[in-house]
1. Going by the conditions given, is THR72 surrounded by 16 or more Cβ atoms within 10 Å (Cβ to Cβ) and either over 27 Å from LEU131 (Cα atoms) or basic (Lys, Arg) (or both)?
2. When the range 407-434 is examined, which residues are found to be crowded, with 21+ Cβ neighbours inside 10 Å and under 28 Å from THR359 (Cβ atoms)?
3. For HIS300, indicate whether it is assigned by TED's automatic domain parsing to the domain that holds PRO426 and part of a strand (DSSP E or B).
4. What number of residues in the range 366-391 are of a type in the set (Val, Ile, Thr) and more than 20 Å from SER351 (Cβ to Cβ)?
5. Quick one: count up the residues across the range 341-360 that are acidic (Asp, Glu) and more than 16 Å from LEU210 (Cβ to Cβ).
6. GLY383 - would you say it is out of contact with any helix residue (DSSP H, G or I) (no Cβ under 7 Å at 6 or more places or on another chain), at pLDDT below 95 and on the phi > 0 side of the Ramachandran plot?
7. Is it the case that ASP250 is outside any helix (DSSP H, G or I) and of a type outside the set (Val, Ile, Thr)?
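The values are calculated or read from the model by the stated rules, or taken from the named source; none is laboratory data. Fair warning: this is a prediction, and the values are worked out from it, not measured in the lab. Reconstructed Cβ throughout: ideal geometry from the backbone, glycine too, with neighbour counts over all protein chains shown.
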Amino acid sequence: MRTPTGVVIFISILLLLDTYVFQAIRSVSQALSPRARTIVYSIYWAITVLAIISFLLFVYTEQDFLGKKLRTYLFATVIGLFLAKITAGVFFLLDDIRRGIQWVVIKLFSNSRTGSVNDLGEEGISRSAFLNWLGLAAGTTLFGTLIYGYSNKYNYQIKRLQLSYDNLPEAFKGLKIVHISDIHSGSFMDKKAVQHGVEKIMKERPDIILFTGDLVNDRAIEMNDYKDVFNQLKAPMGVFSTLGNHDYGDYILWPDDDDAHKEKERAAGKKLPTLLQLQNLEDLKKVHAGMGWRLLMNEHVALERNGQQIALLGIENWSSKARFPKHGRMDLAHAGTEKYPFKILMSHDPSHWDAEVKTQYPDVDLMLSGHTHGMQFGIDIPGLKWSPVQYMYKQWAGLYEDGKQKLNVNRGFGFIGYPGRVGVLPEISVITLG
C-alpha cells in the first residue's frame, strides 16, 4: 500500500465509491432548499477530502509524527468510512439493477416511449427513495457501530466452561484453567485498562494459565511497557505459552531484507527470515521466560497433581491456511505422550483441529486455540453467534465438540488493526475440568 501505485489505486477506489454514494445523497436531498443541499454536499465532500488526507498521513508518515493512538484511530476511521460506503453501495446497486431490468423490459415490450423524469433531472426510471434511504441508514449504522466499538476493546468478558471427561484422572477433577490468547501488546494504548484485565484473571484463582500465541503484533520490543503487567500472571501449576503467526515477525519489512538476503531466498527457492527477524524471535522467547512463562516449542510437559499425571502439549504456529506459517510439529510434541491418560494441546490456529488433530491425533482430549479474534465484529449472544470470520474459519469462537474431543477457541485478549470490538468482546476463558 505504501507504493505510489497502491496509493493511487486505493484513492481512486475511494473516489469512485464516494461518487457512487453521492448519487444517492443527491437523490434523497432533492426536497431540501438549494442552500441546505449545498451544505449537505459540502459536508459530504469535506469528509471525503479529510479521509484521503488522513490516509496519506498514515501511509507517508512514521508513527512518531502523529503518535500511535492518533494514527491507529485515523486509519480505523478511514477504513470504517470505506466499509460503511460499501455497505450503502450494496443497496444502491440493488436499486440500479432494478432500474436496469425495468428499463430493459420497457424497451422490449413497449412500442411507445415510456418513462418519467427521475429525481436527478434525467429522463428514465426513477430511483427508489426507499432503497436509497435504507442504504444510507445501513452505512451510517455500521459506521456508528464501529465508532462505538472503540470503547469495548478493554471490556474483558469471562467465559466459563465446565468440561466433563470419562478418562480424566481423579486428581484433576475440578482443575481450573484460565485460557487466554492473542494479547497483541503492540496495539495497546491504555496500560491501566490492561492491568485491570490481568487483575480479573488473577481474581479467578486459576490452577494453571495457558496462553495460545500472538503475544505481539511484530516485534519483541512491543512488550517492553507491558512485561511488568503480564508477569503478574501466576498459578500454582504454572503459566504455559505457545507462539502464534504474528510472533514470527512476518508482517513487517526488516532493515536487513536487502538485495543480499533476496539472493539467498532465490537460491533457496523460498521465503527466508532475515537475521534481525530471527533475533527478534529469540528476544521474544526471552520475554516469555522473563515473565516466568514456560514457552512450549513443539514439545510436551507432564502436569502432576496428587501423584497423577496428564500431558500438556504445545506447538508452534500451524495453520491449514496457506497464507499462515506451518512451524508446528505435532509429531515431536506428541511423541512420548502415549502413557498419559489425558492430553491438552495448545495450538494457536483453530484450523489445525480439523486438518490434523482430529484425523491423526484422536487421543488429544482438549485443544486450546485463538487467532480469529471473532474478527472483533459480530453477534455473540446466547442462541445466536455470527461473525464474518465464520466464512473463513469453521471454528472461530467458543466450544466445539466432536466425539470425545473438544476445542475451545478464545476470542482474544487484545486487538489488532481495528482498535475496538463490536459484539465479540475480549475474552478470558475459565475452564473447569470434571
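1. Numbers: surrounded by 16 or more Cβ atoms within 10 Å (Cβ to Cβ): yes; either over 27 Å from LEU131 (Cα atoms) or basic (Lys, Arg) (or both): yes.
Criteria met by THR72.
2. Matches in the range 407-434: LEU407, ASN408, VAL409, ASN410, ARG411, GLY412, GLU427, SER429, ILE431, LEU433.
3. Numbers: assigned by TED's automatic domain parsing to the domain that holds PRO426: yes; part of a strand (DSSP E or B): yes.
Judged against the criteria, HIS300 is a match.
4. Let us first name the residues in the range 366-391 that are of a type in the set (Val, Ile, Thr), namely 372, 379, 381, 389.
After this cut, where a residue has to be more than 20 Å from SER351 (Cβ to Cβ) as well, the list is 379, 381.
The number of residues fulfilling the criteria is 2.
5. Step one: filter the range 341-360 for residues acidic (Asp, Glu), giving 349, 354, 356.
Those still in the list that are more than 16 Å from LEU210 (Cβ to Cβ) too: 354, 356.
Selection size over the range 341-360: 2.
6. Working: out of contact with any helix residue (DSSP H, G or I) (no Cβ under 7 Å at 6 or more places or on another chain): yes; at pLDDT below 95: yes; on the phi > 0 side of the Ramachandran plot: yes.
So GLY383 passes the test.
7. Numbers: outside any helix (DSSP H, G or I): yes; of a type outside the set (Val, Ile, Thr): yes.
Spelling it out, ASP250 is indeed outside any helix (DSSP H, G or I) and of a type outside the set (Val, Ile, Thr).
Conditions tested, residue by residue: (1) crowded, with 16+ Cβ neighbours inside 10 Å; (2) modelled with pLDDT under 95; (3) under 21 Å from VAL430 (Cβ atoms).
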residue	(1), (2), (3)
ASN224	no, no, no
VAL229	yes, no, yes
GLN232	no, no, yes
PRO236	no, no, yes
